[in-house]
Amino acid sequence: MEVVPFRESNIDTVFEIKRTAYKPLYDKYQDRDTSPYSESKETVLQKYTKQGTKGYLFIKNRVTIGTVRIKLSPDGKIAWVSGLAVLPQYQGQGIAQQALLTIEEIHKEVEKWCLITVLQEPKNCHLYEKLGYHRTGKTEIVNDKMTFVYYEKDKA
C-alpha cells in the first residue's frame, strides 16, 4: 500500500470515499452536525487545502481506498489526525494502521499526535490504542447515542 499526498484533482475520489466510509456511522448515530458524511464537496476541499493541513490518500493495487487529513500546529510539533476514512470493503485489513504509521514517519517533526473518535466504536478505539494513543480523559457528548473521546500520542 502507498500513502500519497492529496492534490485538488483528487477531490472527487476523496469525497466519495468519505461519503461511503462514513455512511454506516451516520445511519447509526444520526449526527448531522458532526458527521463527515454530511459535508459538501466544497467543505471537504476547503479542509484539505487549508493552511497547515496535509491530506493523504491510501492506494492499494492502483486503487484509492482511503484518506486522512493531518492538521499541523504553526510550529509543526502538534498534529491532529482528522477524517480518517477507509472504504468498507478494505476495513479490518490493517490499512488505517499502516497509513498512520507511514504518516508519522513522513512527519518526524511532530512531537504530539491528537485525534477524536467515537467512544461507542470499539474497533476505532482499539486501532488507536494499538498504535500507542491514550485517552486524555476528555469526552464530548454528541447526542444520546454518541460520545467523542479524545486521544493523544507523544513521540516515542
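The values are calculated or read from the model by the stated rules, or taken from the named source; none is laboratory data. The structure displayed is predicted, hence computed values, not measured ones. Note: ideal-geometry Cβ built from the backbone for every residue, glycine included; neighbour counts use all protein chains shown.
Considering the stretch 24-35, the residues that are outside any loop (DSSP other than H, G, I, E, B) and touching a Ser or Thr at 6+ places or on another chain (Cβ under 9 Å) include one that is nearest to ASN143 (Cα to Cα), namely TYR29. Checked against the criterion of being among the charged types (D, E, K, R) and closer than 17 Å to PRO88 by Cα, the stretch 43-61 contains one or more residues that satisfy it.
Remark: TYR56 matches the filter, which requires a residue to be of a type in the set (Phe, Trp, Tyr) and under 14 Å from THR102 (Cβ atoms). Selection of the stretch 87-109 for residues being under 15 Å from GLY132 (Cβ atoms), among the hydrophobic types (A, V, I, L, M, F, W, C) and in contact with a helix residue (DSSP H, G or I) (Cβ under 8 Å, 6 or more places away or on another chain) yields only ALA96. Taking the criterion of being of a type in the set (Gly, Ala, Ser) and either at pLDDT below 95 or over 13 Å from the mean Cα position of the chain (by Cα) (or both), the only residue of the stretch 1-23 that qualifies is SER9.
Checking each residue in the stretch 135-156 for being over 16 Å from the mean Cα position of the chain (by Cα) and of a type outside the set (D, E, K, R) picks out THR136, GLY137, THR139, ILE141, VAL142, ASN143, MET146, THR147, ALA156.
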